[in-house]
Amino acid sequence: MTTLLLGLALLPASAASATPAAPAAPQWWNRGTIPLYSTTAAGGETARMPDGSVRTYLAVSGKPAYLAEINASTSTVLRMIPLYVPDSASTETPPDAGAQGAWGVSIDKRGTVFVSSYGFGHVYRLPWGKPLEDLGRPSARTSFTWEGDADGEGVFYFGTSEFFGPAPLPGGKLFSWNPRTRQYRDYGDWGATYGYVRSVEYANGKLYAGLGPSTALWQVDPKSGGRVQIPPPPGMPTDKYAYQLEDEGGYLYVLFAGGTTAQVGWVLNLRTLRWEHQIPGYLGQTITGADRHGRVYLVDAGELKQYDPRRGVLTSTGFAGGTEQADKGGLGAGKGLARVVDPRTRHETIVGATAGGDLWRYDTVTGHGTFGHLDDLVGTPTAPRSLAKGPDGKIYAGGYFQGGLAVYDPATTTWTTHPFPHQIEGMAAHDGKMYFGLYPNAGLWEYDPASPFGSANPKLLFDLKSDGQERPWTVISAGRYVAVGTSPKNSQAGGAVTLYDPATGQHRTWKSGLVTGANQISALTYRDGVVYGGSLGCCNFDGSKSPGQVFAMDATSGDVLWRSTPLPREQGVAGLTFDGQGRLFGQSYGTIFELDPATGALIRSVQEFAYPWETVTNFQPRAVNMAYDPGDNAIYTTNGMTRRIDPDTLVDSGPNYRTSFASVSPGASKFYVQSGLLLEVKWY
């Protein structure tokens, strides 16, 4: 998205705080880049390299992401290699701007590092002693490349999600890349039900492909492409991803994650293809090599443990990163676990890293472990994901994926940043507190701006994993309640409305009977004891489509008072608000409309532009930010542009500035995100 205002240029930094002598409304200011930075590594691997050194490679998310090369023995950051190789001749759509992160980092026996990335679906290759190569996007629709593995000849195998392009979406695919031919091979997909080929492992001449979001694991012959389905473990729910695969000592370690129940690890005997043992606390992401008895080290319930797959026995080491780290959840998902020899002591040592950019070592001889942050890693910019005004009048911004929290104070024009490694989808002020809706599992957090930011502030109140919910698109203040509208997990069909009562600490959730068809709850507003909701039906994971609908729900009983389909050709309702006369207004994306609040009947509508709902596969409801302002009797909203709507005529009086996320709550100044910048517009 462009960083220019429509018809205007951004003010230079020296003029950003200057006020013209005789301003013409609206005034506007560029408040600078939203300072969201984080060090988050989604994928990592450790290996002994051709020169004998032991190196850990972490893919640090950002715009662009980078590959950190670390001396695992000394915790020295050797290089930070941007995961972006510009190509002016590329005709890709969307055009590549570099990886945003990578779940997959794999190292072959020659020391070649493969990075399978997300953002634009490219695979990167770093041969030992040579520059980074961009192997490109394996197909025109590839948006994610997931964890993969290389064989002895350096052929790299990996899975994808194919989320670029128009509906209907295909299934995720299995690919390989051959260093001899320098070409991709497409092994095909498993149907649209399986949008993710989430993890691929090469073992004993066969490939193992873990799928999702419906539970499935397949063995594939890399030469012929022949497939053998491996039934899931007994009692395994059908809504799991075969999320991460690791093979060692003749066994395949599988992390089943996602869905509505807890993640769990299982061990598959690769000779018999039978499931032998369950590891309930297994966190993935990697395990060490096996010793001569087949035993490995892995992370279980945040602690490093030795595991014997022959007997199914875990042996505790007691090491979870130290007392302070143990209180924070321990070692987390193990990035780059490896069994190495410490060059100083000659002791066997287990090396690993965390998603937060920490490196740890555990001496198996002395039982002593060390844990420390890699301070030389550079935090990367995080794309803004959400924006809202707090009860203190400050503007709160949350970041994508690796999170972060930035707070802008309009009174002082200064920023404050807080470490908050969570993705906020929707947020709102209520009774002096801020409430953050987090992905995944639709968690609701409470933050008290009057108290210091710390380990207990913000605090998690609850999540909706057991209700099958994933993204809290909309969070609003609703009388005595905080109301949350959510999208379902990929394995589920229906979004939900949740009402949380801060006075009692209780919450209630409704996920059926709100609207018809598969849906997400994409908009909420409230008036006189009734919650009004809008649904998004364009982008269901099962490929189905349904029109955007509006409903009214009694906040006390949960009874649905009415539901309507005001614009049958519009597959989403992303904004709702009441004006000062009690009139109910809504917005799909390109169309503004008014409904009868007693019945939901359509009164009138104005289309600002047509939107191709029939081909859309991914829609971000927070592209619409809609609120009535009694200060000037106007409805402020967004749809790629700022809009100021006259509720009497539904005419947009402009001017129009390019924007994405926004905070348009009542007050003369509204705040807009514009390509990572914060734009303040004083409308009256």
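The values are calculated or read from the model by the stated rules, or taken from the named source; none is laboratory data. In this text the structure is predicted, and so the values were computed from the model without any measurement. As a convention, Cβ positions derive from the backbone with ideal geometry for all residues, glycine included, and neighbour counts pool all protein chains shown. SASA here: full protein model, heavy atoms, side chains in, ligands and nucleic acids out. Shrake-Rupley method; radii C 1.70, N 1.55, O 1.52, S 1.80 Å.
Below is a table of values for the structure above.
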read-out: Pairwise centroid distance, computed over Cα atoms, of the stretch 473-487 with the stretch 565-586, Å; value: 17 Å
read-out: Length-normalised contact order of the chain in % [C-alpha pairs under 8 Å, at least 6 apart]; value: 9 percent
read-out: Residue-level accessible surface for residue 132, protein heavy atoms, 1.4 Å, Å²; value: 30 Å²
read-out: Å² of accessible area per residue within the stretch 403-470, as computed with a 1.4 Å probe and no ligands counted; value: 40 Å²
read-out: Sum of side-chain charges, residue 634 neighbourhood, beta-carbon under 11 Å (Lys, Arg +1; Asp, Glu -1); value: -3
read-out: Out-of-range pairs (alpha-carbon distance over 27 Å; input 459/511; 240/545; 305/459); value: 305/459
read-out: At R0 = 30 Å, FRET efficiency that the Cβ-Cβ distance of residue 109 and residue 373 yields, to 0.05; value: 0.45
read-out: Ellipticity estimate at 222 nm from DSSP helix runs (n ≥ 4, -39,500 (n - 2.57)) divided over the chain, nearest 500; value: 0 deg cm²/dmol
read-out: Solvent-accessible surface ranking, highest first, for 368, 293 at 1.4 angstrom; value: 368, 293
read-out: Efficiency of FRET from Cβ geometry, residue 602 and residue 557, R₀ 35 Å, rounded to 0.05; value: 0.85
read-out: Chymotrypsin sites (Phe, Trp or Tyr not before Pro) restricted to the stretch 607-667 and DSSP loop, no more than 10 other C-beta within 10 Å; value: 609
read-out: The stretch 462-543: chymotrypsin sites (Phe, Trp or Tyr not before Pro) falling in loop per DSSP and having at most 11 other Cβ within 10 Å; value: none
read-out: Options 374, 279, 355, ranked by Cα towards positive dipole end of the stretch 266-389, top entry (Cβ charges); value: 279
read-out: Solvent accessible area, Å² - residue 563, 1.4 Å probe, full protein context; value: 110 Å²
read-out: Cross-link partners of residue 130 among lysines (Cα-Cα below 20 Å; sequence separation of 8 or more within a chain); value: 109
read-out: Calculated FRET efficiency for the pair residue 130/residue 682, C-beta based, R₀ 45 Å, to 0.05; value: 0.25
read-out: Distant-in-sequence amide H partners of residue 572 (H built 1.01 Å from N, under 5 Å); value: 537, 548
read-out: Placed amide H near residue 654: partners under 5 Å, 5+ positions off or other chain; value: 644
read-out: The stretch 544-629 - percent of accessible surface contributed by carbon and sulfur, probe 1.4 Å; value: 50 percent
read-out: Net charge of neighbours whose Cβ lies under 12 Å from the Cβ of residue 536, counting Lys and Arg as +1 and Asp and Glu as -1; value: +2
read-out: Reach of residue 394 by Cα under 17 Å, taken over aspartates and glutamates that are not fewer than 8 positions away in the same chain; value: 409, 431, 446, 448, 680
read-out: Area of residue 557 that stays accessible when all protein chains are in place (1.4 Å probe, Å², to 10); value: 60 Å²
read-out: Mean projected area in nm² (Cα convex hull; one quarter of hull surface) for the stretch 319-361; value: 3.2 nm²
read-out: Loop trypsin sites (Lys or Arg not before Pro), the stretch 236-321, which have at most 12 other Cβ atoms in a 10 Å radius of their Cβ (DSSP); value: 271, 292, 311
read-out: Segment residue 651-residue 33, length gained on full extension (0.36 nm per residue, minus Cα span); value: 219.3 nm
read-out: Residue-normalised accessible area of the stretch 482-536, given per residue in Å² at a 1.4 Å probe; value: 32 Å²
read-out: Surface per residue (accessible, 1.4 Å probe) for the stretch 151-277, Å²; value: 38 Å²
read-out: Exposure rank, largest accessible area first [223, 130; 1.4 Å]; value: 223, 130
read-out: Student exercise, the chain dipole from Lys, Arg, Asp, Glu Cβ charges, in Debye to nearest 20; value: 940 debye
read-out: Contour excess over end-to-end distance, with Cα ends at residue 49 and residue 328 and 0.36 nm allotted per residue; value: 97.2 nm
read-out: Inter-probe distance in nm under a simple model that places probes 7 Å from Cα toward Cβ, at residue 668 and residue 316; value: 6.3 nm
read-out: Length added when fully stretched, residue 89-residue 501, from 0.36 nm per residue minus Cα-Cα; value: 142.7 nm
